[in-house]
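Encoded as structure tokens, the structure appears first; notes follow it.
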Amino acid sequence: MTLVRTRTAWGRRSTAVAAALFFCGPALAFALGERAAEIENRRLPEFPALSRGWAIVPEVESWASAHLPLRQHAVRANGVLSELLFKEAPSYATAGATGYPRVIEGSDGWLYFGDDVTEACRPRWSITETLRRVRRLAEIVRGSGRRFLFTVAPDKTTVHPDRLPERFPGQTCLRTRKQEFWTALRAADLPGFINLRDRLERAQRESGTPAYWRTDSHWTEHSAGLYGAELARALQPGLSRDTRLVRTGQAPRNGDLGGLLGIPVEESIDRWRLVRDGVRRVRQDDRDLPVSFRTVHRSDQAPLYRPRTLLIGDSFTRNSLPWVLPYFADLTYLRSDAPARTDLDHLVERVAESETVVFEIVERYLVGGHAEMLDDAVLDALDEAL
């Protein structure tokens, strides 16, 4: 009888301890300085506006889940447990889009970002409206006497669709919406448009090497080098003179999509370095990090693009900066989500200081109509200021 009572008491105490850790662990971690990490390919969501009444309840739940301390460790533990018990990665719905996968598992270990599907199947704007806003941005900048270039980083599901599974939620609207977008984009004849998709697909065909990493949502280092070369070609004839893209070997790398599943997946990647003879960095201003920074180069051999340039881009541009910055004498990089991260004055000042504006955005956010730079408040502020 004593033994039974002891075991029962121990079981109750264990349950109480486990419950306390479950409910109080995140709070304790927060008190000790632990903060939620951006483990997805997007920033942590802002707290929803209370003025929307009861409609914010599901959004508050998503906000609380995303900002939970130790969340990234819980996701990883869930992934390891799922692999151990069921021999497959866990399935997570994309935030705010029940029924669509966060990560699409293709053949031969290929992974695709689920937001490609979510944005295509639940768009905010029509394709026509999205391209109208891009044109308005171009006209505002060009109307102020500045040069404007615009490019789209294609989705991995667009450039390398052959490893997608035969069936997955949203595949019909994904295919239909992408076709509509690219047909409209090519017909729009937008000012300063640089077609990166054709260049990446051509390089992929010629080399037989994928333009995107197997376990990541982004393009490879070699593709980043092509992005920089295409910018140079569009900006100034002969700008890529005395420039080489050199393969430096291989290295292991964990892609961002494995992280979303909670199971880091390593792949061996080719490493590439951009060599521009005679180019050296002489100054970098990091005061406005992580939203923006400014870099100044000098060169006694390879030519540089001299007009002061503002490069507005998302994670594709951030990852490609080592293969882009050395073409410019004076370049400021600004995150494309800057309007959501800081006041509009910061954006307006960066544009006003520039002579050339380059705007890059990934395909999925144009397809879905979720681009901070194209919001009415941003366009109106730029129009008024410039």
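The values are calculated or read from the model by the stated rules, or taken from the named source; none is laboratory data. Since the model is a prediction, treat every value here as computed from it, not as a measurement. We place every Cβ from the backbone using ideal geometry, glycine too, and count neighbours over all the protein chains shown. Please note that ligands, DNA and RNA were not included when accessible areas were found on the heavy atoms of the full protein model with its side chains. Shrake-Rupley method; radii C 1.70, N 1.55, O 1.52, S 1.80 Å.
Computed values, structure above
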quantity: Rounded, prolate or oblate (a/c below 1.5 giving rounded, otherwise prolate when a/b exceeds b/c) for segment 266-314 by Cα gyration tensor; calculated: oblate
quantity: More than 15 Å apart - percent of Cα-Cα pairs taken over segment 309-386; calculated: 56
quantity: Percent of C-alpha pairs per 5 Å bin, segment 125-182, short to long; calculated: 4, 14, 19, 19, 14, 12, 9, 6, 3, 1
quantity: Distribution of pairwise C-alpha distances over segment 244-386, 10 Å bins, in %; calculated: 10, 33, 32, 21, 4
quantity: Convex hull per residue volume in Å³, alpha carbons only, for segment 119-266; calculated: 154
quantity: Normalised convex hull volume, segment 192-244, alpha-carbon set, Å³ per residue; calculated: 85
quantity: Burial order of peptide ranges 373-384, 247-258, 143-154, 352-363 (average beta-carbon count within 10 Å, highest first); calculated: 352-363, 143-154, 373-384, 247-258
quantity: Calculated from backbone phi, Karplus (6.51, -1.76, 1.60) coupling profile of segment 319-329 in Hz, x at Gly/Pro; calculated: 5, 9, 4, x, 9, 10, 3, x, 7, 10, 6
quantity: Kirkwood Rh in Å, taken over segment 270-349 so that all alpha-carbon pairs contribute; calculated: 13.4
quantity: Cα-only radius of gyration and Dmax that characterise segment 204-304, units Å; calculated: 16.6, 48
quantity: Residue-span extension gain [VAL291 to THR172] - 0.36 nm each, minus C-alpha spacing; calculated: 39.2 nm
quantity: Relative contact order, percent, segment 108-228 [alpha-carbon distance under 8 Å, six or more residues apart]; calculated: 38
quantity: Other-chain or far-sequence residues with amide H under 5 Å of LEU149's (modelled H); calculated: VAL357, VAL358, PHE359
quantity: Karplus-derived HN-Hα couplings along segment 202-207 (A = 6.51, B = -1.76, C = 1.60, θ = phi - 60°), whole Hz, x at Gly and Pro; calculated: 5, 5, 5, 5, 5, 8
quantity: For segment 157-166, Karplus couplings with θ = phi - 60° (6.51, -1.76, 1.60), whole Hz, Gly/Pro x; calculated: 5, 8, 7, 9, x, 6, 9, 5, x, 4
quantity: Protection proxy ranking of 162-169, 334-341 - average other beta-carbon atoms within 10 Å, highest first; calculated: 334-341, 162-169
quantity: Solvent-accessible area per residue for segment 144-241 (1.4 angstrom probe, square angstrom); calculated: 43
quantity: Ordering of 232-245, 106-119 by burial proxy (mean other Cβ atoms within 10 Å per residue, highest first); calculated: 106-119, 232-245
quantity: Nonlocal amide H pairs with LEU334, under 5 Å, H built at 1.01 Å; calculated: LEU311, ILE312, GLY313
